[in-house]
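Participant: There's a structure below that I have some questions on.
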Amino acid sequence: MIIAYDGDVVLRELVEEDIPKLAEYANNEKVSINLRDGFPSPYGIDDAKHFYDRIENQHPKTFFAVEYKGNYVGNISLVIGTDVYRNSAEIGYFIGEPFWNKGIVTKAVKLMVKFGFEKLGVSRIHTGVFEFNKASQRVLEKCGFEKEGVFRKSITKNGKIQDEIRYAKIKTGNL
Ligand SMILES: CC(C)(COP(=O)(O)OP(=O)(O)OC[C@H]1O[C@@H](n2cnc3c(N)ncnc32)[C@H](O)[C@@H]1OP(=O)(O)O)[C@@H](O)C(=O)NCCC(=O)NCCS
């Protein structure tokens, strides 16, 4: 089922046929270095199946496939907060390295933000980016996210302690 699209970039529900490509694109240290340790590395077909099983019956659905020119290229998600954070959501995304720097995730994030504000009803979408991940910081800036602060030395990734840059976008009349 298609959730949203902008030209060649489509957000849709993940299907079982995506599992091999998910495992292929996720099994890349240049991807995992930018993500939390909960993202397996190496990333095998069983990891992709486990992920698919976990999100298949999710309600409401907030984990989607990103498609570019008709092909699965990666994932994008919103995780809605709980308790006092129930109107906030954390955005996450990755696409396969062969597709980087084509403007795909910029389009996908804009679509997902609109989906979050209009369909899920959240009023704030945020994320944290590791300090060395300049491409993701650029994506968020291009999508109108504002830098809210730096969580200094809050990340330990591959044995290195790093800053995390926190970004957010607030729902306004002007998306
Ligand atoms: C980060 C990521 C999502 C970007 O996706 P993408 O589709 O390549 O992004 P876009 O093409 O829309 O935009 C990338 C922007 O970053 C810029 N960029 C790329 N590498 C850069 C670098 N090393 N330094 C500064 N800018 C950089 C690009 O030039 C582009 O900006 P521009 O349009 O002004 O030229 C993708 O590289 C990815 O999946 N990385 C691994 C997982 C990840 O980092 N997830 C996010 C965790 S917070």
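The values are calculated or read from the model by the stated rules, or taken from the named source; none is laboratory data. Being a predicted model, the structure only gives us computed values, none of them experimental. Ideal geometry is used to build each Cβ from the backbone, glycine not excepted, and the neighbour counts take in all protein chains shown. We work out accessible area using only protein heavy atoms, side chains counted, and drop any ligands, DNA or RNA first. Shrake-Rupley method; radii C 1.70, N 1.55, O 1.52, S 1.80 Å.
Participant: Restricting to the range 91-108, name every residue that is basic (Lys, Arg) and either within 21 Å of PRO40 (Cβ to Cβ) or more than 6 Å from the ligand (Cβ to nearest atom) (or both).
Facilitator: Selection gives LYS107 alone.
Participant: For the range 101-114, does any single residue satisfy the condition of being at negative phi, exposed (fewer than 13 other Cβ atoms within 10 Å of the Cβ) and free of Cβ contacts under 8 Å to residues at least 40 places away in the same chain? Outline the logic, then answer.
Facilitator: Looking only at the range 101-114, we keep the residues that are at negative phi, and these are 102, 104-114.
Filter again for exposed (fewer than 13 other Cβ atoms within 10 Å of the Cβ), leaving none.
Among the residues of the range 101-114, not one is at negative phi, exposed (fewer than 13 other Cβ atoms within 10 Å of the Cβ) and free of Cβ contacts under 8 Å to residues at least 40 places away in the same chain, which makes the answer no.
Participant: Filter the range 68-90 for residues that are within 13 Å of the ligand (Cβ to nearest atom), in contact with a Leu (Cβ under 9 Å, 6 or more places away or on another chain) and under 15 Å from LEU14 (Cα atoms); which is most open to solvent (accessible area, probe 1.4 Å)?
Facilitator: ASN75
Participant: Going by what's in this entry, would ASP8 be described as in contact (Cβ under 8 Å) with a residue 24 or more places away in the chain and surrounded by fewer than 16 Cβ atoms within 10 Å (Cβ to Cβ)?
Facilitator: Details: in contact (Cβ under 8 Å) with a residue 24 or more places away in the chain: yes; surrounded by fewer than 16 Cβ atoms within 10 Å (Cβ to Cβ): yes.
Judged against the criteria, ASP8 is a match.
Participant: Let me ask you something else. Among the residues that make up the range 91-98, is at least one of them out of contact with any Cys (no Cβ under 6 Å at 6 or more places or on another chain), part of a loop (DSSP other than H, G, I, E, B) and of a type in the set (Gly, Ala, Ser)?
Facilitator: Initially, the range 91-98 is screened for residues out of contact with any Cys (no Cβ under 6 Å at 6 or more places or on another chain), giving 91-98.
Still in the list and also part of a loop (DSSP other than H, G, I, E, B): 96.
Filter once more, so that each one left must be of a type in the set (Gly, Ala, Ser): 96.
Yes, the range 91-98 contains a residue that is out of contact with any Cys (no Cβ under 6 Å at 6 or more places or on another chain), part of a loop (DSSP other than H, G, I, E, B) and of a type in the set (Gly, Ala, Ser).
Participant: Working carefully through the options VAL109, VAL84, VAL105, VAL31, find the one that is part of a helix (DSSP H, G or I), of a type in the set (A, V, I, L, M) and over 17 Å from the mean Cα position of the chain (by Cα).
Facilitator: Numbers: VAL109 fails: over 17 Å from the mean Cα position of the chain (by Cα); VAL105 fails: over 17 Å from the mean Cα position of the chain (by Cα); VAL31 fails: over 17 Å from the mean Cα position of the chain (by Cα).
After ruling out the rest, the residue left standing is VAL84.
Participant: Hey, among PHE99, PHE39, PHE51, which residue is of a type outside the set (Val, Ile, Thr) and closer than 20 Å to ARG138 by Cα? Working first, answer last.
Facilitator: Details: PHE39 fails: closer than 20 Å to ARG138 by Cα; PHE51 fails: closer than 20 Å to ARG138 by Cα.
From the options PHE99, PHE39, PHE51, the qualifying one is PHE99.
Participant: Here are the criteria: (1) crowded, with 17+ Cβ neighbours inside 10 Å; (2) β-branched (Val, Ile, Thr); (3) within 21 Å of ARG166 (Cβ to Cβ); (4) more than 7 Å from the ligand (Cβ to nearest atom). Tell me which single one VAL129 does not satisfy.
Facilitator: The one condition VAL129 does not meet is (4).
Participant: Next question, about the same structure. So in the range 34-65, with the set limited to residues that are away from the ligand (no atom under 16 Å from the Cβ) and assigned to a loop (DSSP other than H, G, I, E, B), which one is least open to solvent (accessible area, probe 1.4 Å)? Steps first, answer last, please.
Facilitator: Start the filter on the range 34-65 by keeping residues that are away from the ligand (no atom under 16 Å from the Cβ), which leaves 44-46, 49-50, 52-62.
Applying the additional criterion that residues be assigned to a loop (DSSP other than H, G, I, E, B) yields 44, 57-62.
Details: GLY44: 28, ASN57: 131, GLN58: 50, HIS59: 171, PRO60: 63, LYS61: 60, THR62: 5 Å².
Restricting to residues being away from the ligand (no atom under 16 Å from the Cβ) and assigned to a loop (DSSP other than H, G, I, E, B), the top hit is THR62.
Participant: Could we say that LYS147 is among the charged types (D, E, K, R), part of a strand (DSSP E or B) and open to solvent by 60 Å² or more (accessible area, probe 1.4 Å) here? Give the derivation first.
Facilitator: Details: among the charged types (D, E, K, R): yes; part of a strand (DSSP E or B): yes; open to solvent by 60 Å² or more (accessible area, probe 1.4 Å): yes.
So LYS147 fits the description; yes.
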